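Single-structure report; data block below.
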Amino acid sequence: MSGGSYVGIPPNKSFVNALRMEVGLADAGIFVESRDKSNKPALYPTFEINVTENKRLWPIVVMENRGLIYCALPLMPQEAYTSQNKSDVSLADLPSVSTAVEAILGLSQCVSLTSSMTSLTPALTMQLHQFVNTCMPFGNVMCTNPALTTQLINPTGKGKAKQPFWNPGPHKGKSQVVIHIKEEIRCMQFSHSEVQDVLEVYGSVICKVEVEGTAPEICVNLTQPGSDGRGLAVSPEVSNVENTAVSSRLRFRPCNSQPLCHYSLPHLTEPPIHGAFKLTVNNNLATVHMQLQLQTGMKNQFQQLEVHIPFSGLQVMSVKPSPSVGSVSVQADNLLVWNVGSKFPTKTLTATLNAICKLRKLQKKTDKQQTDTTDTLPSWERSLNSCALVHFKVADHTYSNTRIDPQSIIISTANKVRCSITSECVSGQYKIWNSEGEVPITAEMPVQELQDLFVQ
């Protein structure tokens, strides 16, 4: 396929040595330009290793589990692996990489391998062969779900009824399709006019199918207002995608308990919860002010809504809280937890916390000296340059209004199918930084300004 640009797989010993160097397990204290240069694109979990002086092997999908390194080499389009510039490569456009990740995860879960083993026993060798031959025939990944894999290798069903490969367990009951949309929101708010806040909204769609037929084909409409479909990455089971202005029609074979697709929505810029965090310190007293404002488009019904304010290296001796709603507690001695409750006040959609905390510095106990409980804190930089973490979970809701219409689901082998669609919106890393502290950002290097300066 690739002609003279083909890169063969090196012998085992050479491959392992090159891989150990590339992931930093060898020559970790030495600068290696191909590995350590600052402008190298980070395309994890894929790595590029040196085979010869002029040839490199890419992409090697590398993952670690229980002290063992698992590797997979997916088949790639020629233009992808022969390109010298990896800065323009998006792993979301390479479904074979996702397939390799699924294969590694399935292998690591289905075969009991640990780092303490010095060699493979005959029983483990047989398990490996069974997994590869059954779930990855001729290198084509068909099934990596541990529960389904076990039923495939050791079938328990009896009788002449044929079961489809994607669901070898006998199906009893009405045909149904269960779809779950999980959306996560990552946000960083700085409360500084010179620093722009960061918001990322992303999610995944998982489909579970229990219908009759050996090879049903399913069509669903995924609606995402304001999205053009560019942030959608589908699994290898999806055979066709038709994008419109507000929706994407997916045609696929069943892939139980596996993500059907992943999506990201960069056009969303307003956070669902806007926060303001102010922390000041005077001797060993810390004054905390926290305010949360629920924005339009977010459902005011939470299964979880908490704010965690950590005091790293310190201990909270006592706290005098004054929350407008909810309750305040201290966990693990240095974590102030504000449980806001299940909803914001209906009229204002605002929740406020004022608290005064008495702190002390943590000291290690020794045999000759006990901890001084009256010690004051000489430095507060770590506490001032801190953030509050917001944790929330909302059921039957997505902030992006991503949804699937049950009436749009079509199954080729079934006329009447029960459809169940659920969704949830959860917080990822949702941080609100202290407005009284320094902002942890990295500024871009003014290359053009420096060049003009040198010319002058």
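The values are calculated or read from the model by the stated rules, or taken from the named source; none is laboratory data. Quantities reported herein were computed from a predicted structural model and do not represent experimental measurements. Glycine also receives a Cβ, built like all others from the backbone with ideal geometry; neighbour counts cover every protein chain displayed. For accessibility, only protein heavy atoms count, side chains too; no ligands or nucleic acids. Shrake-Rupley method; radii C 1.70, N 1.55, O 1.52, S 1.80 Å.
To the nearest 0.05, how large is the calculated FRET efficiency for SER322 and ALA26 if R₀ is 45 Å and r is the Cβ-Cβ distance? Working shown, then result.
On the way: r = 56 Å, r/R0 = 1.25.
It comes to 0.20.
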Report the local net charge at LYS86: Lys and Arg +1, Asp and Glu -1, summed over other residues whose C-beta lies under 9 Å from its C-beta. -1
Taking the solvent-accessible surface of protein heavy atoms with a 1.4 Å probe, what is the per residue accessible area of segment 238-343 in Å²? 48
Could you work out, for segment 283-327, what percent of all Cα-Cα pairs fall into each 5 Å distance bin, beginning at 0 Å and stopping at the bin that holds the largest distance? 4, 11, 25, 22, 14, 11, 7, 4, 0
Around VAL62, under 12 Å between beta carbons, what's the net of Lys plus Arg minus Asp minus Glu among the other residues? -2
Given a Förster distance of 35 angstrom, what is the FRET efficiency for HIS267 paired with ASN65, based on the Cβ-Cβ distance and rounded to 0.05? 0.45
Dipole magnitude of segment 204-353 about its Cα centre (Cβ charges: Lys, Arg +1; Asp, Glu -1), debye to nearest 20: 440
Please go through the residue pairs LYS86/LYS182; LYS343/LYS393; LYS358/LYS431 and name each one whose alpha carbons sit more than 21 Å apart in this structure. LYS86/LYS182; LYS358/LYS431
By how many nm would the segment from LEU120 to ASN39 grow when fully extended, if each residue of separation counts as 0.36 nm and the alpha-carbon distance is taken off? 25.1 nm
Using r as the Cβ-Cβ distance of ASN54 and PHE138, and R0 as 30 Å, what FRET efficiency do you calculate, to the nearest 0.05? 0.45
Local net charge near ASN354, Cβ-Cβ under 12 Å (Lys/Arg +1, Asp/Glu -1): +2
